[in-house]
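What follows is a set of notes on a single structure, which appears directly below.
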Amino acid sequence: MITKLAISGYRSLRDIHLNLEQVNIVTGANGSGKSSLFKALKLLTEVSRGQLFSSLAKEGGFPSTLWAGPENFSRAMRIGEEAIQGTRRKGPVALKLGFASESYSYLIDLGLPTPSDSAFGHDPEIKQEIVWHGEVFRPSTIIAKRTGKLVSLKNSETNSWTNTHTELASFDSMMTHGTDPQLAPELLILRDEMREWRFYDHFRTDENAAARQGQIGTRTPILSPDGYDLAAAIQTIREIGDRDSLSAAIEDAFPGASLSVEISEGRFYLYMRQYGLLRKLSAKELSDGTLRYILLVAALLSPRPPKFLVLNEPETSLHQDLLAPLARLIARASEESQILVVSHSDLLIDYLTTEIGCQLIRLEKDLSETEIPLENQSRWTWPKR
Ligand SMILES: Nc1ncnc2c1ncn2[C@@H]1O[C@H](COP(=O)(O)OP(=O)(O)OP(=O)(O)O)[C@@H](O)[C@H]1O
Ligand SMILES: [Mg+2]
C-alpha cells in the first residue's frame, strides 16, 4: 500500500506531503489543485513506462508545469504587508515527485538543463532518483541511487555499492534504463508495480465515442482508459470475473435492467435490456449517464484489479440516484485495490466517508498555492541534490 505521496514544484502544488490510506477522496473548490494531484500521480507511472518527457511535453512543456510562484512566501507576503515577488533563490528550480510504501519507495527530482546547443536544450534533466526500502528514508535504507549520469546499486548481502551506469542519459530514468535483475531485482519489482497503477479520467460518451461502437473483441481483463473496449471488458467479466457483482451493480442502479454482449463478424456489441421496453437498446442508444456508469462498472469490476486505482471525478453526468450504487462499487473494489477518487460531489463524498470510512482530503488554496489540512499531512524530507 502507498502510504505517502509528496509533490513539490508542480503547478499549484508548491510542496505537499500527503498521507494515503486504503481509500482516499480528494475534493476542493475549482482551481484548488485536484487535477494537478491526479496528473502528478500519473507522471509517476509515466516514469516507470519511460514516458515522462513526452507526458510533460503534452502538458505544455516543463516550464509550464513548474510552480509559477515564488520559491517561498515570506511571512510579510502571507499577511499582505509585502508584495508577492520572486526572491533570491536558495535552492535549485525543481519538480519533485515521490511516494512511500510499506515495501519500496521512490522519488525523482527534475531540474533545469545544463546549457547546450542541442535542439532539445529546453528539456528538463533528471537530476536525482532514489529507491529505498520501507517507508522511512534514511541513508541506510537506500537501495539504489541516481545522481546525474551515475547509477549506484547496493548489494543487500554484502552492503557494498556498485556503479552500474556512469553515462545514463539525462532523459532516461533509472527505473527503465538503470535496472539490473541480478544486483537490484527490487527496482524491477517496484517499476512493474508503478506500471500497473491504473487511472481513469473522463470517459467520452458523445455519439461518436468509441465505447458506443462495435469493436473487435479480445479478452479484456482491464478496461482501456478511453473505454473503447467496453463490450469485450463486460464479456470478460461475465466469463472469468465476478459475474454476480456485475449483474448486481446494474440492478442496483437500474432495477430490472441487464446487459448482454452480441458478436457479429468478430465485433462485440453491447446491449442493455431496460425494464418497460420491448427490445434491448444498443450502446449507441444509451444515455450518457447510463453509458458512463457501465464504463465505471467495467473499470471497477476488473478481473485483474490493480494495486492502486485513481478515478478523476467519476460522478460526472451521473444523476444523484446513481451515486450510492457507485459508492458501493468503489467500496467493493477497495477490498482488492487501494483507491484515490477525485470528486466534486458532496453526496458521493458523504457515501464514501460514512459507508467505508475513507480518508477525506479537502484541498484549499492560499496565495495560489494548494494547501492540505494538517490531519492529512505526512512527514517527508526531500534529500538535497
Ligand atoms: N505552473 C503553475 N503554477 C502555479 N499554478 C498553476 C500552474 N499551472 C496551473 N496552475 C493553477 O493551479 C490551479 C489548480 O488547477 P487544477 O486544474 O488542479 O484545479 P482543480 O482543483 O482540478 O479545479 P477544477 O475543479 O476547476 O477542475 C489552477 O488555479 C491553475 O490555474
Ligand atoms: Mg480539475
Note on region 226-267: residues surrounded by 14 or more Cβ atoms within 10 Å (Cβ to Cβ) and assigned to a loop (DSSP other than H, G, I, E, B) are ASP226, GLY227, TYR228, ASP229, GLY241, ASP242, PHE254, ALA257
Quickly run through region 338-374 and pick out the residues that are farther than 26 Å from MET77 by Cβ and either part of a helix (DSSP H, G or I) or out of contact with any strand residue (DSSP E or B) (no Cβ under 7 Å at 6 or more places or on another chain) (or both). SER345, ASP346, LEU347, LEU348, ILE349, ASP350, TYR351, LEU352, THR353, THR354, GLU355, GLY357
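This table checks each residue for (1) in contact with a helix residue (DSSP H, G or I) (Cβ under 6 Å, 6 or more places away or on another chain); (2) surrounded by fewer than 17 Cβ atoms within 10 Å (Cβ to Cβ); (3) touching a residue at least 40 places away in the same chain (Cβ under 8 Å).
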residue	(1), (2), (3)
LYS34	no, no, yes
LEU52	yes, no, yes
PRO63	no, yes, yes
ASN72	no, yes, no
ILE84	yes, yes, yes
GLY98	no, no, yes
Residue list for region 326-337, restricted to those being surrounded by fewer than 21 Cβ atoms within 10 Å (Cβ to Cβ) and either at positive phi or outside any loop (DSSP other than H, G, I, E, B) (or both): ARG328, ALA331, ARG332
Verdict on GLU125 being acidic (Asp, Glu), assigned by TED's automatic domain parsing to the domain that holds LEU190, more than 16 Å from ligand 2 (Cβ to nearest atom) and surrounded by 13 or more Cβ atoms within 10 Å (Cβ to Cβ): yes
Across region 9-53, which residue is farthest from ligand 1 (Cβ to nearest atom) among those that are charged (D, E, K, R) and within 14 Å of the chain's Cα centre (by Cα)? ARG49
On the basis of being within 16 Å of ligand 1 (Cβ to nearest atom) and either assigned by TED's automatic domain parsing to the domain that holds GLY227 or part of a loop (DSSP other than H, G, I, E, B) (or both), does PRO303 make the cut? no
Filter pass, ARG292 being surrounded by 15 or more Cβ atoms within 10 Å (Cβ to Cβ), at pLDDT 95 or above, farther than 30 Å from GLY33 by Cα and outside the structural domain of GLU193 (by TED's automatic domain parsing): no
Filter result for LEU291 (in a helix (DSSP H, G or I) and away from ligand 1 (no atom under 16 Å from the Cβ)): yes
Would you mind listing the strands (runs of 3 or more DSSP E) fully within region 138-207 where at least 1 residues are basic (Lys, Arg)? 142-147, 150-154, 198-200
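Condition check ((1) in contact with a strand residue (DSSP E or B) (Cβ under 9 Å, 6 or more places away or on another chain); (2) under 23 Å from ALA40 (Cβ atoms); (3) without any contact (Cβ under 8 Å) to a residue 12 or more places away in the chain) across all residues:
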position: TRP197; (1), (2), (3): yes, yes, no
position: PHE203; (1), (2), (3): no, yes, no
position: ALA210; (1), (2), (3): no, no, no
position: GLY214; (1), (2), (3): yes, no, no
position: GLY217; (1), (2), (3): yes, no, no
position: ILE222; (1), (2), (3): yes, yes, no
position: PRO225; (1), (2), (3): yes, yes, no
position: TYR228; (1), (2), (3): yes, no, no
position: ALA232; (1), (2), (3): yes, no, no
Could you check how many residues of region 231-261 are within 28 Å of the chain's Cα centre (by Cα) and over 22 Å from ASP321 (Cβ atoms)? 11
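The values are calculated or read from the model by the stated rules, or taken from the named source; none is laboratory data. Every value quoted in this text rests on a predicted model; they were computed, and no experiment measured them. Glycine also receives a Cβ, built like all others from the backbone with ideal geometry; neighbour counts cover every protein chain displayed.
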